[in-house]
Amino acid sequence: MKKIALLFLLCLFGASVSNADPPPFGVSFGVFYSSLSPYGEWISVGADLYGWRPQRVAADWRPYTYGRWVWTDDGWYWASDEPWGWAAYHYGRWYYDDYYGWVWIPGYDWAPAWVEWRYGGDYIGWAPLSPYAVFSVSFGIHYRTHWVTPNSWWSFTDCGHIAAHDMHRYVYRDGDNDRYIGRTRDFGSVRYEGGRVMSRGPDRGEIERRGNVRIDRADIVDVSDRQGERIVRGSDNRERIETYRPRISASDDRSAVSRPPAVRQTDRPVTLDTRGLDVRSREENLERGRDIRRSEQYRQQREMEMQQNQARAVDPGVRNSESRRSDRTVERAPVPGREYMQQQVAPRVQQRDQLRSREPERVIRRPEYRSTPSTRIAPQTQPRRSEGGGQKSSGARGGQSGGSRGENHRR
């Protein structure tokens, strides 16, 4: 009975005794457990939620540092040197716990890299997305809770080293991240475009210009065996990335048992708040995106965006200090669209210009100041010079004036 139960668990969670290759599509979610168990430890994070901790890594190890960045049609692709990179860097999110260190939370959707970017000057940086980062085909990455990526999560390097091999040798030490964050700004993340999940960061041409480096485009080729990512060069002297990316189905009964094999209960609870997590498959995201497009909230948002775009498209001759007031009026107007601009805003602007052209030029005249003997105040002047060239002191003048006033008084 024990052998039968063990075989049942192995089959349920994707472990194969004969090491046969799993099917390319519809693979069980348990393939992560069987593939990553030799390289780390699975721990219980919450109710029916498990995380994986890599073992035998450096003390200052961080995700997305041991490997290289490659430019593809899907954006920036992280080609890892680690044998488990095909799973932990292209599915799910990363979270750092003060007690357990870096923990990977599995996910359903595949992406070239689940990171966010910063760029400015000669610096370029990236950080792994946390489990609080919710992915949607309609909005891309957004957060349900207030979240700011800690500074220690970021990895910065010079633009000239973005495509270098062994990236961990070119990443600046995290003690200086405060300075690099102050010199850079947010520059994109993961989004859904053209039916694919893409990792859009800084533009390749801009990085080539700033870093004085050439970055070639590589192709992504699917393979059927669970191996580490490999970059090979074809006969056309073009790089190809061989990677294993199965389609993970959210409908799998991965919670059929209370606890999968080789998963231990944590000694201390992980600080990750599982209530803010929202893990959805690509099919669920597509269906959710259709519902959002039909909703009233989505329609109002689209109308507001159209309204703002129309406000920015006002004639340049009107875009002055007064046009700012018209822009605010357009943003607050209840009726959006081009018709409102043509029917309401344009006539008002034209009427204003006509009224201004008819007004005569106003000349402001200041009243002339006319002083009278009774109100005029003698200005303070310098002492008059005597004919002999000397100056009369104020004391002498005071004595003479005082004497004259005495004589007048006696008279």
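The values are calculated or read from the model by the stated rules, or taken from the named source; none is laboratory data. What you are looking at is a predicted structure, and each value in this text was computed from that prediction instead of being measured. Neighbour counts run over all protein chains shown; Cβ positions are idealised from the backbone, glycine included.
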In segment 158-186, the residues that are assigned to a loop (DSSP other than H, G, I, E, B) and under 17 Å from Y77 (Cβ atoms): I162, A163, A164, H165, D166
Count - residues of segment 348-361 that are at pLDDT 75 or above and either part of a loop (DSSP other than H, G, I, E, B) or in the same structural domain as Q307 (by TED's automatic domain parsing) (or both): 0
Complete set of residues in segment 172-197 that are hydrophobic (A, V, I, L, M, F, W, C) and crowded, with 20+ Cβ neighbours inside 10 Å: V190, V197
Pairs with Cβ under 7 Å, 6+ apart, first in segment 156-182 and assigned by TED's automatic domain parsing to the domain that holds P63, second part of a loop (DSSP other than H, G, I, E, B) and among the acidic types (D, E): D158/D122; C159/D122
Unique residue being closer than 25 Å to V148 by Cα, in the same structural domain as P128 (by TED's automatic domain parsing) and not basic (K, R) when the list is G67, G85, G101: G101
Whichever residue in segment 50-90 is modelled with pLDDT of 95 or more and of a type in the set (V, I, T) and, among such residues, is nearest to Y39 (Cα to Cα): T65
Check on G107, outside any helix (DSSP H, G or I) and farther than 18 Å from R68 by Cβ: yes
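Listed here are the residues, each with its yes/no results for (1) under 18 Å from the mean Cα position of the chain (by Cα); (2) among the acidic types (D, E); (3) closer than 23 Å to Y66 by Cβ.
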| position | (1), (2), (3) |
| --- | --- |
| G101 | no, no, yes |
| W114 | yes, no, yes |
| P128 | yes, no, yes |
| F139 | yes, no, no |
| W153 | yes, no, yes |
| D176 | no, yes, yes |
| G182 | yes, no, no |
| S189 | yes, no, yes |
Residue within segment 62-75 that is among the aromatic types (F, W, Y), surrounded by fewer than 16 Cβ atoms within 10 Å (Cβ to Cβ) and under 30 Å from I215 (Cα atoms) present: no
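So which of S80, S136 is surrounded by fewer than 19 Cβ atoms within 10 Å (Cβ to Cβ) and in contact (Cβ under 8 Å) with a residue 12 or more places away in the chain?
Details: S80 fails: surrounded by fewer than 19 Cβ atoms within 10 Å (Cβ to Cβ).
When all the criteria are applied, what remains is S136.
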Every residue from segment 216-234 that is surrounded by fewer than 17 Cβ atoms within 10 Å (Cβ to Cβ) and touching a helix residue (DSSP H, G or I) at 6+ places or on another chain (Cβ under 7 Å): G228
Near pairs, Cβ below 9 angstrom, 6+ apart or cross-chain, from segment 31-44 (free of Cβ contacts under 8 Å to residues at least 12 places away in the same chain) to any residue that is among the hydrophobic types (A, V, I, L, M, F, W, C) and part of a strand (DSSP E or B): none
Residue in segment 76-98 that is at positive phi and in a strand (DSSP E or B) present: no
Selection count where residues are part of a loop (DSSP other than H, G, I, E, B) and surrounded by fewer than 14 Cβ atoms within 10 Å (Cβ to Cβ), scope segment 198-209: 1
